[in-house]
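Asker: Take a look at the following structure, please.
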Number of protein chains: 2
Amino acid sequence: MKLTVDGLDLAEAVATVARAANAKAINPVLEGIKLTATKDTLTLSATDLEIFLQKTIRADIKQQGTVIVPGRLFAEYVRKLDKSSLSITSDGQTVVIKHADNICNFQCLPADEYPSIINLTEEPYFSIKSEALRDLISKTTICTSQDDSRPVLKGVLFELYKDTLTGVALDGFRMAKVEKSIANYKDAGKIIVPARSLDEVRKLLSDDNGEVNVVVENKFLQISVGNTIMATRLIDGEFINYAQIMPKEFTSDAVVEKSHFENAVERAGLLVRSDRVNLVTIKVGDKQVAVSSTNEIGRINEKVAASLTGKDVTIAFNAKYLFDALRNIQNDFIKLQLTGEHSPAIITAAKDGDFTFLVLPVRIS
Amino acid sequence: MKLTVDGLDLAEAVATVARAANAKAINPVLEGIKLTATKDTLTLSATDLEIFLQKTIRADIKQQGTVIVPGRLFAEYVRKLDKSSLSITSDGQTVVIKHADNICNFQCLPADEYPSIINLTEEPYFSIKSEALRDLISKTTICTSQDDSRPVLKGVLFELYKDTLTGVALDGFRMAKVEKSIANYKDAGKIIVPARSLDEVRKLLSDDNGEVNVVVENKFLQISVGNTIMATRLIDGEFINYAQIMPKEFTSDAVVEKSHFENAVERAGLLVRSDRVNLVTIKVGDKQVAVSSTNEIGRINEKVAASLTGKDVTIAFNAKYLFDALRNIQNDFIKLQLTGEHSPAIITAAKDGDFTFLVLPVRIS
């Protein structure tokens with residue numbers, strides 16, 4: 001392998017793919033980044049066998065070839081170089097990087113040991129606006145579980161039906177459901193995408209990417225943005241029947257200014273932040289939503305003006321879950337829907353929202 | 001105690017003093033912040049018995065009084081309030097904070113349990129330009145030791161002689177010496193100031209504080225900036241005779257562009273970052289300073305053009321120590337002075353520097 005490449009292009013490409021390299025992998029090959037020089041491009045690939053990232057940049061190829069370089073070290077070294085032209089050569093044993101008067105040799109691994117990466121067709125399962133997909137990801141992934149014992153809950157359910165993609169995540173304490181319009185839709189279907197992989201997708205998407213094609217094949221999902229390809233293994237298994245959990249009717253509705261309610265929950269949560277359950281009490285009635293917390297150190301009482309319909313009710317929540325939901329809502333006013341102190345609360349935008357947060361209450365004696 | 005105070009003033013004052021409160025103190029009083037309402041001011045104080053911080057702000061006092069509030073909680077709550085007027089009242093058992101329609105009660109402690117704080121005269125030992133003191137602090141504290149077994153090395157020696165303050169810190173591997181002009185100087189003397197306290201002093205100082213008066217009395221040092229007073233206990237003991245360590249003559253001089261040398265050391269250091277000693281080799285000769293590192297993963301060779309006098313020499317250092325020194329130098333060119341591979345290296349500005357960094361070499365077999 002022998003090539004010259006722009007330092008800035010290389011640094012950006014390495015930064016993008018290096019996130020998929022696993023510095024703690026048992027197999028040293030997975031700590032590496034694969035460089036493939038063909039025709040007039042250099043392709044960088046990395047994977048931890050769940051996420052696959054690949055980026056292709058222009059390069060002046062003098063001799064084609066493939067090699068695996070130490071991932072973290074290569075990424076850091078390239079990042080620290082001045083961003084002018086540099087040359088890369090390799091005999092398969094070592095890779096040599098030359099830059100101005102400086103020279104660097106890294107031991108490398110033969111490329112045939114590298115797991116074969118992405119090989120899906122380009123036929124999209126559906127297309128979605130880049131911004132919509134980002135919004136769906138950021139609102140749902142906050143509710144995924146970290147618990148290895150129920151793998152499906154570490155992912156987000158993508159449910160496709162007619163022109164709508166519904167994203168759902170839940171962890172036994174709260175649930176997020178987001179609906180987005182899609183195009184070029186083929187069939188109804190359900191897949192579960194790892195939250196970790198979706199975080200990587202979100203990083204690849206900017207507001208101006210327009211439509212994104214989503215390819216789903218052989219238990220993999222693949223997205224291409226510019227010259228970057230991200231593929232992820234899907235999670236096997238049956239997702240929870242979320243529709244069953246979602247209450248259909250409510251006995252109390254409160255509409256509040258979102259920033260006031262969010263501040264009130266945040267301040268009341270401070271007092272109980274180190275408690276096992278971050279218990280805050282919500283009292284709906286008397287034209288307001290009162291948020292309070294109490295323990296042996298003190299008591300915090302916050303009042304938020306509200307427009308109410310239905311019954312007065314007092315209900316308790318984990319402040320963290322309420323706050324997580326609220327800070328992910330960009331609307332000025334939100335609606336809180338309740339059915340007594342033992343039923344889940346629903347938080348939505350007061351109007352025109354495409355998302356629904358559900359939070360289970362904490363029983364208070 | 002009964003008062004109203006501006007929320008923004010209070011939030012700033014709390015943020016300043018709370019750093020001295022010790023959330024892990026065995027004595028719960030030291031976790032607290034003392035509020036003292038007198039005449040038309042509210043004074044906030046906190047200490048961990050080493051550092052004492054005190055800030056006074058204007059307040060509308062309806063009833064004078066003193067109380068100790070839970071430090072961390074009070075600081076966080078006040079920070080999260082909208083920054084309008086708020087009222088504070090206390091009966092000595094609880095403190096009540098009212099803000100718009102919101103109300104908060106914290107249990108508090110009687111103020112007579114609080115250690116008496118700062119009570120030094122206002123007679124300065126010397127005065128120094130704010131910017132000069134900040135520079136001295138940031139260049140010396142990087143070389144202080146973290147080792148409890150030699151308490152004097154956890155501080156910076158302040159040596160006063162004629163119109164000069166010399167700050168010195170060392171940890172057995174490197175040393176920093178910085179000289180600054182002072183005014184209103186009384187007598188020659190030596191004190192050792194804890195690095196932790198100096199970091200607090202640095203945070204208090206901005207570039208436009210003009211001259212700062214430094215009071216030294218009864219094994220305490222005190223600095224006032226605006227309405228904030230910082231006092232610190234000094235470290236007892238005899239500092240190392242640093243002049244003995246400092247080489248007086250050299251056999252090799254190299255002048256290099258600082259940014260080039262710094263980048264070279266940083267890149268070469270990447271390879272050996274996880275090694276026990278971050279060993280980089282410096283080879284002075286042939287109109288250049290070559291920086292290299294090597295281990296089983298690879299080899300990095302960097303070349304920096306230099307203007308040399310004296311003998312060629314090859315010497316090895318811990319990259320971290322070299323890099324720490326270099327990133328604390330703002331000058332465009334630096335001078336590296338060496339006397340063979342076993343003697344300390346001296347790094348200074350190529351001209352007009354008021355600081356000297358010394359780094360011990362690592363013996364290579």
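The values are calculated or read from the model by the stated rules, or taken from the named source; none is laboratory data. None of these values were measured; they are calculated from a predicted model. For neighbour counting, all protein chains shown are included, and Cβ atoms are generated from backbone atoms with ideal geometry for every residue, glycine included.
Asker: As an exercise: evaluate residue B:48 against (1) closer than 23 Å to residue B:196 by Cα; (2) among the acidic types (Asp, Glu); (3) touching a residue at least 60 places away in the same chain (Cβ under 8 Å) and give the number of the one condition it does not meet.
Answerer: Among (1) closer than 23 Å to residue B:196 by Cα; (2) among the acidic types (Asp, Glu); (3) touching a residue at least 60 places away in the same chain (Cβ under 8 Å), the lone unmet condition for residue B:48 is (3).
Asker: Quick one: count up the residues across region B:5-24 that are outside any helix (DSSP H, G or I), among the charged types (D, E, K, R) and under 21 Å from the mean Cα position of the chain (by Cα). Full working, then the answer.
Answerer: Just the residues of region B:5-24 that are outside any helix (DSSP H, G or I), to begin with: B:5-6, B:19-24.
In the following step, the residues that additionally are among the charged types (D, E, K, R) were identified as B:6, B:19, B:24.
When the remaining residues are screened for being under 21 Å from the mean Cα position of the chain (by Cα), the result is B:19.
Total satisfying the criteria: 1.
Asker: Something else about it: Across region A:285-295, which residue is surrounded by the most Cβ atoms within 10 Å (Cβ to Cβ) among those that are of a type outside the set (Gly, Ala, Ser) and over 23 Å from residue A:273 (Cα atoms)?
Answerer: To start, the set of residues in region A:285-295 that are of a type outside the set (Gly, Ala, Ser) comprises A:286-289, A:291, A:294-295.
Checking the rest, the ones that are also over 23 Å from residue A:273 (Cα atoms) come to A:286-288.
Values: A:286: 11, A:287: 10, A:288: 18.
By that ranking, first place goes to A:288.
Asker: Within region B:99-112, restricting attention to residues that are aliphatic (A, V, I, L, M) and within 33 Å of the chain's Cα centre (by Cα), which residue is farthest from the other protein chains (Cβ to nearest Cβ)? Explain how you work it out, then say what you get.
Answerer: Going residue by residue through region B:99-112, those that are aliphatic (A, V, I, L, M) are B:100, B:103, B:109, B:111.
Applying the additional criterion that residues be within 33 Å of the chain's Cα centre (by Cα) yields B:109, B:111.
Details: B:109: 11, B:111: 18 Å.
Restricting to residues being aliphatic (A, V, I, L, M) and within 33 Å of the chain's Cα centre (by Cα), the top hit is B:111.
Asker: Identify, by number, the condition in (1) without any contact (Cβ under 8 Å) to a residue 12 or more places away in the chain; (2) over 30 Å from residue B:336 (Cβ atoms) that residue B:227 doesn't meet.
Answerer: (1)
Asker: Which one of these is of a type in the set (Phe, Trp, Tyr) and touching a helix residue (DSSP H, G or I) at 6+ places or on another chain (Cβ under 8 Å): A:220, A:239, A:250?
Answerer: Values: A:220 fails: touching a helix residue (DSSP H, G or I) at 6+ places or on another chain (Cβ under 8 Å); A:250 fails: touching a helix residue (DSSP H, G or I) at 6+ places or on another chain (Cβ under 8 Å).
On inspection, the qualifying residue turns out to be A:239.
Asker: Quick one: in region B:296-349, which of the residues that are closer than 15 Å to residue B:176 by Cβ and of a type in the set (D, E, K, R) is surrounded by the fewest Cβ atoms within 10 Å (Cβ to Cβ)?
Answerer: So the residue we want is B:327.
Asker: Here is a check on your reading of the model: is residue A:39 buried (at least 19 other Cβ atoms within 10 Å of the Cβ), of a type in the set (Lys, Arg), more than 14 Å from chain B (Cβ to nearest Cβ) and in contact (Cβ under 8 Å) with a residue 12 or more places away in the chain?
Answerer: In short, no.
Asker: Are any residues in region B:283-309 within 35 Å of the chain's Cα centre (by Cα) and of a type in the set (Asp, Glu), and if so, which ones?
Answerer: B:302
Asker: Also, I was wondering about something else. Return a yes/no flag: does region A:2-10 have any residue that is within 11 Å of chain B (Cβ to nearest Cβ), within 26 Å of residue B:266 (Cα to Cα) and touching a residue at least 24 places away in the same chain (Cβ under 8 Å).
Answerer: Filtering region A:2-10 down to residues within 11 Å of chain B (Cβ to nearest Cβ) leaves none.
No, region A:2-10 contains no residue that is within 11 Å of chain B (Cβ to nearest Cβ), within 26 Å of residue B:266 (Cα to Cα) and touching a residue at least 24 places away in the same chain (Cβ under 8 Å).
Asker: Same structure, new question: Does residue A:281 count as more than 8 Å from every other protein chain (Cβ to nearest Cβ), touching a helix residue (DSSP H, G or I) at 6+ places or on another chain (Cβ under 8 Å) and modelled with pLDDT of 95 or more? Break it down stepwise before answering.
Answerer: Details: more than 8 Å from every other protein chain (Cβ to nearest Cβ): yes; touching a helix residue (DSSP H, G or I) at 6+ places or on another chain (Cβ under 8 Å): no; modelled with pLDDT of 95 or more: yes.
Judged against the criteria, residue A:281 is not a match.
Asker: Look at region B:127-174 and say how many of its residues are farther than 21 Å from residue B:220 by Cα, of a type outside the set (Lys, Arg) and crowded, with 23+ Cβ neighbours inside 10 Å.
Answerer: Residues in region B:127-174 being farther than 21 Å from residue B:220 by Cα, of a type outside the set (Lys, Arg) and crowded, with 23+ Cβ neighbours inside 10 Å: 2 in total.
Asker: Can I ask one more? Which of the residues that make up region A:18-57 are in contact with a Ser or Thr (Cβ under 6 Å, 6 or more places away or on another chain) and of a type in the set (Lys, Arg)? Walk me through it before giving the result.
Answerer: Initial filter on region A:18-57 (in contact with a Ser or Thr (Cβ under 6 Å, 6 or more places away or on another chain)): A:20, A:34, A:36, A:41, A:43, A:51, A:54-56.
Within region A:18-57, A:34, A:55 qualify.
Asker: Please note which strands (runs of 3 or more DSSP E) are completely contained in region A:248-365 and include at least 2 residues that are among the polar types (S, T, N, Q). It would help to see each step written out before you state the result.
Answerer: Values: elements: A:252-257, A:279-285, A:288-295, A:298-310, A:313-318, A:333-338, A:345-349, A:355-359.
Output list reads A:288-295, A:298-310, A:313-318.
Asker: Is one or more of the residues making up region B:154-165 within 17 Å of the chain's Cα centre (by Cα), under 30 Å from residue B:58 (Cα atoms) and not charged (D, E, K, R)?
Answerer: No, every residue in region B:154-165 fails to be within 17 Å of the chain's Cα centre (by Cα), under 30 Å from residue B:58 (Cα atoms) and not charged (D, E, K, R).
Asker: Considering only residues that are touching a Ser or Thr at 6+ places or on another chain (Cβ under 6 Å), farther than 24 Å from residue B:274 by Cβ and surrounded by 15 or more Cβ atoms within 10 Å (Cβ to Cβ), which ones fall in region A:60-84?
Answerer: Going residue by residue through region A:60-84, those that are touching a Ser or Thr at 6+ places or on another chain (Cβ under 6 Å) are A:60, A:64, A:66-67.
So of that shortlist, the ones also farther than 24 Å from residue B:274 by Cβ come out as A:60, A:64, A:66.
The answer is A:66, and nothing else.
Asker: Just wondering, is there one or more residues in region B:113-124 that are within 14 Å of chain A (Cβ to nearest Cβ), over 25 Å from the mean Cα position of the chain (by Cα) and touching a residue at least 60 places away in the same chain (Cβ under 8 Å)?
Answerer: In the first step, residues of region B:113-124 are kept if they are within 14 Å of chain A (Cβ to nearest Cβ); the result is none.
No: zero hits.
Asker: Are any of the residues in region B:163-179 part of a helix (DSSP H, G or I) and at pLDDT 95 or above? Reasoning before the result, please.
Answerer: Residues of region B:163-179 part of a helix (DSSP H, G or I): none.
No; the residues of region B:163-179 include none that is part of a helix (DSSP H, G or I) and at pLDDT 95 or above.
Asker: For region A:56-98, what are the residues that are more than 14 Å from chain B (Cβ to nearest Cβ) and farther than 20 Å from residue A:109 by Cα?
Answerer: Matches in region A:56-98: A:56, A:57, A:58, A:59, A:60, A:61, A:62, A:85.
Asker: For region B:204-222, state whether one or more residues are more than 30 Å from residue B:53 (Cβ to Cβ) and assigned to a strand (DSSP E or B).
Answerer: Of region B:204-222, the ones more than 30 Å from residue B:53 (Cβ to Cβ) are none.
Taking every residue of region B:204-222 in turn, none turns out to be more than 30 Å from residue B:53 (Cβ to Cβ) and assigned to a strand (DSSP E or B).
Asker: Check whether at least one residue in region A:204-211 is under 19 Å from residue A:21 (Cβ atoms), modelled with pLDDT under 95 and out of contact with any Phe, Trp or Tyr (no Cβ under 8 Å at 6 or more places or on another chain), and report yes or no.
Answerer: Narrowing region A:204-211 to residues under 19 Å from residue A:21 (Cβ atoms): A:204.
When the remaining residues are screened for being modelled with pLDDT under 95, the result is A:204.
From the residues that got through so far, the ones that are out of contact with any Phe, Trp or Tyr (no Cβ under 8 Å at 6 or more places or on another chain) too are A:204.
Yes, the conditions are met somewhere in region A:204-211.
Asker: Something else now. Within the set of pairs 6+ apart or on separate chains, which have a first residue in region B:259-278 that is free of Cβ contacts under 8 Å to residues at least 40 places away in the same chain and within 11 Å of another protein chain (Cβ to nearest Cβ), a second that is part of a helix (DSSP H, G or I) and among the hydroxyl-bearing types (Ser, Thr, Tyr), and C-beta atoms under 7 Å apart?
Answerer: As it stands, the answer is B:267/A:77; B:270/A:77, since those pairs meet every condition given.
Asker: Next question, about the same structure. Restricting the first residue to region A:183-197 and requiring it to be closer than 18 Å to residue A:239 by Cα, which pairs with a second residue that is charged (D, E, K, R) meet a Cβ separation below 7 Å and a spacing of at least six or different chains?
Answerer: Partner pairs satisfying both residue conditions: A:190/A:159; A:194/A:50; A:194/A:154; A:195/A:154; A:197/A:50.
Asker: Among the candidates A:286, A:354, A:312, A:332, which residue alone is farther than 23 Å from residue A:242 by Cβ and either touching a helix residue (DSSP H, G or I) at 6+ places or on another chain (Cβ under 9 Å) or among the β-branched types (Val, Ile, Thr) (or both)?
Answerer: When all the criteria are applied, what remains is A:332.
Asker: I'd like to know if region A:96-103 contains one or more residues that are in contact with a strand residue (DSSP E or B) (Cβ under 7 Å, 6 or more places away or on another chain), modelled with pLDDT of 95 or more and surrounded by 22 or more Cβ atoms within 10 Å (Cβ to Cβ). Give the derivation first.
Answerer: Taking region A:96-103 and keeping what is in contact with a strand residue (DSSP E or B) (Cβ under 7 Å, 6 or more places away or on another chain), we get A:96-99, A:101-103.
Pick out the ones that are also modelled with pLDDT of 95 or more and you get A:96-98, A:103.
Now narrow it down to the ones that are surrounded by 22 or more Cβ atoms within 10 Å (Cβ to Cβ): A:97.
Yes, the conditions are met somewhere in region A:96-103.
Asker: State whether the residues of region B:180-195 include one that is assigned to a loop (DSSP other than H, G, I, E, B), closer than 18 Å to residue B:132 by Cα and under 18 Å from the mean Cα position of the chain (by Cα). Steps first, please.
Answerer: Taking region B:180-195 as the starting set, the residues that turn out to be assigned to a loop (DSSP other than H, G, I, E, B) are B:182, B:184-188.
Applying the additional criterion that residues be closer than 18 Å to residue B:132 by Cα yields B:182, B:184-185.
From what is left, the residues that are under 18 Å from the mean Cα position of the chain (by Cα) are none.
The answer is no; no qualifying residue exists.
Asker: In this structure, is residue A:305 farther than 24 Å from residue A:351 by Cβ, touching a residue at least 40 places away in the same chain (Cβ under 8 Å) and within 14 Å of chain B (Cβ to nearest Cβ)? Talk me through it step by step, then tell me what you get.
Answerer: On the way: farther than 24 Å from residue A:351 by Cβ: no; touching a residue at least 40 places away in the same chain (Cβ under 8 Å): yes; within 14 Å of chain B (Cβ to nearest Cβ): yes.
Taking the combined requirement at face value, the residue does not satisfy it.
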